[in-house]
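Below is one structure, written out as structure tokens; comments come after it.
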Amino acid sequence: MKKILLLTLVLLTSVALKAQVQNANFSISPAAFDPSDEITITVSNVDPALWGETDIYIWAWYFDLDDNPAGDSPTNGAWTDSNEIQKLTNNGNGTFSYVLTPATFYNDPNIGRMGMLIKADDGSDQGNGERKTQDYYTEVGTFQVTLTSPAQAITVVASGATISVSATSTVPANFQLLANGTSVVTQNTVSSFSSNQTITADTYFELITTDPASGGSVTKTFNVILTPNPTLASVPSGMIDGINLNPNNPDTATLVLYAPGKDFVHAIGNFNGNDWRLTNTYLLNKDTATNRHWITLTGLNSGDSDVLFQYVIEGEIVVADPYSTAILDQYNDPYISQTTFPDIPNYPATKTEHAISWFKVNETPYSWQITNFEKPNQEDLVIYEMLIRDFDALHSYDALMDRLDYIENLNINAIELLPINEFDGNLSWGYNPAFHMAIDKYYGTKNALKAFIDECHARGIAVILDVVYNHATGQNPYYRMWNNCNGCYEGQATSENPFFNVTDPNTAFQFFNDIDHESAATQTYIDRLNQFWIDEYNIDGYRFDFTKGFTNTVGDGGSYDASRIAILERMYDQIRATQLDSYVILEHFAPNTEETELIEHRATTNPQEKGMLVWGNHNFNYNEATMGYNDNSDFSWISYVNRGWDTPSSVGYMESHDEERLNFKNITYGNSSGSYDVKDLETALDRLELAGAFYFTIPGPKMIWQFGELGYDFSINYCEDGTIDPDCRVSPKPIAWDLGYDGIEGRYDVYFAWRKLIAITNDNPIFNTDDFTIDADATNGLKRIQLQDLSATGNEIKYVTIIGNFGVATQNSIPGFQETGTWHNMLTGETTTISDVNAPIELQPGEFRMYSNEASVLEIPETTMTNIKLYPNPANTSFRLNENVSEISIFDSTGKQIEHIKSYSHNTEIYIKNYETGIYTIRVVSNSKIQNFRLLKI
């Protein structure tokens with residue numbers, strides 16, 4: 001057995017908030033043990049009551065004999081539901097214990113190191129962090145070595161100083177001390193080693209201890225360097241914070257670190273034979289005028305094309321570059337598949353810890369195919385909000401590419417991705433950011449992301465990033481460089497920190513470590529991040545999370561705050577200086593006066609500039625309406641006119657990642673009357689079609705949460721074990737494709753209804769009018785929308801009236817048509833003559849009508865071949881048409897064409913026996929006319 005260990009701070013992988021993490025004391029008996037020995041783990045200083053629990057559980061993992069991650073305990077259970085097998089015993093004296101035999105516990109005898117933490121049964125975030133302790137590590141094997149001096153991994157001394165090296169072994173052993181690879185001391189068959197070493201140069205020490213009986217060895221490593229004396233030099237012209245690569249000279253890279261108050265910084269890594277050893281050869285230059293340290297690495301083109309490095313701050317704190325565009329993660333990368341992200345470099349686990357910056361030398365740039373993308377007007381946005389993890393089981397950009405037909409056919413013109421920058425762990429919503437400028441590898445490579453964006457642009461779909469600048473987790477380098485635990489992941493920012501507040505000024509909502517947005521350093525950082533994603537990835541805009549927190553004003557963020565407005569307007573101005581037509585969407589939820597001021601701000605005098613958008617949450621009122629409870633179902637605040645605004649600047653939504661799913665509440669809590677019951681699935685789905693008619697038709701941008709168009713009905717609080725608990729809010733959710741939603745006709749009825757409604761509003765200018773009213777406050781559930789465009793001429797639509805019955809009983813609606821005469825049903829194309837504008841129209845519960853005074857654009861194509869019939873439908877092995885047609889195209893549920901037939905003769909069988917069960921679109925062309933059918937394959 002050979003084990004190589006670093007004398008460094010234990011890596012604390014907690015991603016939690018300080019309020020929930022408890023720092024436990026761990027002890028193991030016996031202290032030294034083999035994998036086959038039974039051990040007792042005892043913990044103290046843990047109070048389950050702080051988590052609202054009485055029981056606590058062990059969560060454990062292990063490393064192989066070379067200290068590479070090897071796996072988790074097979075009986076851990078889920079993070080949201082620990083296995084009862086791993087519950088600790090309450091000893092009744094403030095301690096808890098757990099007995100195990102490592103080889104049996106992990107089902108593997110080859111164990112070199114164990115890791116563990118203690119947690120609540122459900123360790124997930126319940127509003128202020130995960131409910132767990134810090135991580136604890138212990139070596140496995142009765143042969144153990146303890147290095148007692150020096151006490152730290154890096155020692156800084158003056159030339160000529162003497163240091164003491166001492167160690168103990170659990171058995172008599174042979175000790176050999178190497179200095180820069182040369183043996184300097186040997187002591188055999190002793191349990192205690194001691195030596196004094198005079199230091200005249202930077203020295204990398206290795207103490208190799210060998211057990212004569214077993215032949216096993218343990219290596220302890222540490223660095224001793226001479227007192228650094230950085231060269232004082234200005235940062236080279238043109239260099240910015242982070243990693244500066246020269247496309248014309250792949251042999252060099254200039255690293256620049258902003259580090260006010262730090263005396264010296266070193267670089268370590270795999271470059272130029274450095275092999276992660278601290279030496280003044282790679283001491284960074286110091287620019288005192290700008291508080292920056294920098295170094296230009298050379299000779300890179302002749303080494304490993306994957307360059308890995310870290311900074312060592314004043315010989316103590318090891319961090320990746322804050323502006324890393326990719327990092328290595330020792331604990332999470334092993335669980336990323338080769339398919340999603342191929343060829344991730346191996347983490348040098350025996351040589352360093354913490355996140356590592358990673359860039360490639362001489363990399364071929366991505367060749368953009370779409371360089372002139374014209375963004376949709378922001379008032380016309382129909383955004384599809386997506387969490388990649390829960391949208392496709394492969395959770396990758398490549399998988400999303402295969403789903404774009406489905407999204408495009410819904411008539412979506414923008415996709416908003418929940419945070420994709422590097423966050424703690426792999427399974428996350430992404431609102432726990434660690435590195436704001438690095439892509440999280442769990443979703444794929446940077447070129448896969450670029451190809452996805454490129455393909456979206458080719459289809460006319462904009463891509464919006466959800467970004468989190470209110471806070472960062474303990475992994476963030478700028479947090480670790482100035483905190484009160486000398487670079488640990490928890491603790492608290494100190495007053496010297498240029499980026500983070502010592503305490504969060506928001507008294508109601510506190511997340512991780514709060515970023516100081518009034519700091520000039522933060523503003524430079526944020527501007528750089530915003531420019532990067534636009535320049536590097538052709539991102540079309542941002543949705544900024546929790547902008548209510550972009551302030552140092554003490555309070556809950558609910559009051560008008562002039563300083564917050566100034567911060568956001570300044571940020572917006574910088575974004576528009578980079579890209580004039582970028583979307584800037586704020587999750588703000590502050591007073592209407594403040595949001596009004598924000599949406600009216602302009603960075604330029606350009607009349608085309610549209611300004612900022614804000615999120616508009618209307619989940620409660622719409623859901624009350626879909627459930628059939630109409631005392632509180634007035635959703636008219638979705639109207640920007642009702643907010644007193646001149647521009648449609650609110651992104652309204654019925655669902656978002658943060659809200660309960662409409663159809664879950666429909667089928668769980670829906671109202672009923674007689675045989676009509678909203679809790680019935682088909683009825684619940686029909687009411688989503690009704691809601692769509694009173695949603696998409698209201699002027700202004702809209703947003704759909706993924707699978708809302710299929711009536712997704714798993715609760716936001718659904719747990720992986722099938723229970724429903726608020727603790728499972730961010731847990732993985734079942735994926736619609738895997739649930740067979742594409743084989744349920746009622747769900748696709750919602751998809752097709754919303755698709756048509758979106759198309760109608762896109763193609764008929766009246767839905768951009770600012771002259772409209774929403775009558776949605778009647779407690780009987782009868783609602784009405786009326787729009788008018790008095791500038792319409794000829795056959796342009798001048799008036800639209802939409803009526804709907806959100807009640808649970810048949811009712812008469814008074815339409816109040818704007819004029820008498822011929823009116824068109826916008827969904828069916830049927831016409832009706834109106835002689836009395838107030839003549840009642842009977843509406844069944846859940847029924848709606850959309851009328852216009854002229855034919856809408858979409859009426860003609862679907863009503864041109866009424867004599868053609870498709871039969872049988874549903875079908876099992878084949879179907880036929882009763883007429884000759886020139887072309888037939890068959891599309892699957894994702895919109896992908898799977899068959900194309902020319903010159904079809906009537907009654908000829910078209911075989912579908914090998915098709916999967918589900919809904920298919922059959923497009924028929926005859927005499928230049930088109931008709932679409934939906935076929936259910938059973």
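Those residues that are surrounded by 17 or more Cβ atoms within 10 Å (Cβ to Cβ) and either closer than 17 Å to Ala179 by Cα or without any contact (Cβ under 8 Å) to a residue 60 or more places away in the chain (or both), I need them from the stretch 118-156; list them, please.
Once the filter is applied, which keeps residues that are surrounded by 17 or more Cβ atoms within 10 Å (Cβ to Cβ) and either closer than 17 Å to Ala179 by Cα or without any contact (Cβ under 8 Å) to a residue 60 or more places away in the chain (or both), the stretch 118-156 yields Leu147, Pro150, Ala153, Ile154, Thr155, Val156.
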ask   = Is there a residue being surrounded by 24 or more Cβ atoms within 10 Å (Cβ to Cβ) and over 26 Å from Pro765 (Cα atoms) anywhere in the stretch 670-684?
value = yes
key: Residue pairs meeting the criteria (Cβ under 6 Å; at least 6 apart or on separate chains; first touching a residue at least 24 places away in the same chain (Cβ under 8 Å), in the stretch 908-928; second hydroxyl-bearing (Ser, Thr, Tyr) and not in a strand (DSSP E or B))   = Lys913/Thr877; Gly918/Ser893; Ile919/Tyr748; Ile919/Ser893
key: Yes/no for Thr547 being of a type in the set (Val, Ile, Thr), in the same structural domain as Phe511 (by the TED database) and buried (at least 17 other Cβ atoms within 10 Å of the Cβ)   = yes
query = If you take just the strands (runs of 3 or more DSSP E) that sit entirely in the stretch 159-272, which of them hold at least 3 residues that are surrounded by fewer than 16 Cβ atoms within 10 Å (Cβ to Cβ)?
reply = 162-179, 182-198
ask   = Regarding Asp504, is this residue in contact with a strand residue (DSSP E or B) (Cβ under 7 Å, 6 or more places away or on another chain), of a type in the set (Asp, Glu), at pLDDT 95 or above and not assigned by the TED database to the domain that holds Tyr311?
value = no
Options Gln475, Gln492, Gln510; residue that is among the polar types (S, T, N, Q), crowded, with 19+ Cβ neighbours inside 10 Å and at pLDDT below 95 = Gln510
task = Being surrounded by fewer than 20 Cβ atoms within 10 Å (Cβ to Cβ), within 20 Å of Asn630 (Cβ to Cβ) and either of a type outside the set (Lys, Arg) or out of contact with any strand residue (DSSP E or B) (no Cβ under 6 Å at 6 or more places or on another chain) (or both) is the filter here, so list the residues in the stretch 781-831 that pass it.
result = Leu782, Gln786, Ala809, Thr810, Gln811, Asn812, Ile814, Gly816
ask   = So Asn795 clears everything in (1) of a type outside the set (Ser, Thr, Tyr); (2) under 26 Å from Phe707 (Cα atoms); (3) assigned to a loop (DSSP other than H, G, I, E, B) except one condition, right? Which one?
value = (2)
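Return the total of residues in the stretch 458-503 being part of a helix (DSSP H, G or I) and touching a Lys or Arg at 6+ places or on another chain (Cβ under 9 Å).
Here the count works out to 1.
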Of the criteria (1) among the polar types (S, T, N, Q); (2) within 27 Å of the chain's Cα centre (by Cα); (3) within 30 Å of Asp713 (Cα to Cα), which one Thr626 fails = (2)
note = Over the stretch 302-328, the set of residues in a loop (DSSP other than H, G, I, E, B), touching a helix residue (DSSP H, G or I) at 6+ places or on another chain (Cβ under 8 Å) and at pLDDT 95 or above is Ala320, Asp321, Pro322, Tyr323, Thr325, Ala326
message = Tell me yes or no: at least one residue of the stretch 584-601 is aromatic (Phe, Trp, Tyr) and crowded, with 23+ Cβ neighbours inside 10 Å.
response = no
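I'd like the residue in the stretch 301-322 that is of a type in the set (Gly, Ala, Ser) and either under 30 Å from the mean Cα position of the chain (by Cα) or closer than 23 Å to Thr155 by Cα (or both) and, out of all such residues, is surrounded by the most Cβ atoms within 10 Å (Cβ to Cβ).
The qualifying residue surrounded by the most Cβ atoms within 10 Å (Cβ to Cβ) is Ala320.
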message = Regarding the stretch 446-467, can at least one residue be identified that is farther than 25 Å from Ile412 by Cα, out of contact with any Leu (no Cβ under 9 Å at 6 or more places or on another chain) and in the same structural domain as Arg403 (by the TED database)?
response = no
query = Are any residues in the stretch 40-75 under 21 Å from Val99 (Cβ atoms), surrounded by 19 or more Cβ atoms within 10 Å (Cβ to Cβ), in contact with a helix residue (DSSP H, G or I) (Cβ under 7 Å, 6 or more places away or on another chain) and not aromatic (Phe, Trp, Tyr), and if so, which ones?
reply = Ile56, Ile58, Ser73
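Here's the yes/no breakdown for (1) closer than 20 Å to Phe435 by Cβ; (2) surrounded by fewer than 17 Cβ atoms within 10 Å (Cβ to Cβ):
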position	(1), (2)
Ala326	yes, no
Thr352	yes, no
Val361	no, no
Thr364	no, yes
Ile383	no, no
Ile388	yes, no
Asp392	no, no
Asp405	no, no
query = Got at least one residue in the stretch 273-281 being out of contact with any Leu (no Cβ under 8 Å at 6 or more places or on another chain), modelled with pLDDT under 95, surrounded by fewer than 21 Cβ atoms within 10 Å (Cβ to Cβ) and more than 23 Å from Ala349 (Cα to Cα)?
reply = no
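The values are calculated or read from the model by the stated rules, or taken from the named source; none is laboratory data. Not measured: the values here are computed from a predicted model. With ideal geometry, Cβ positions are generated from the backbone for all residues, glycine too; neighbour counts draw on all protein chains shown.
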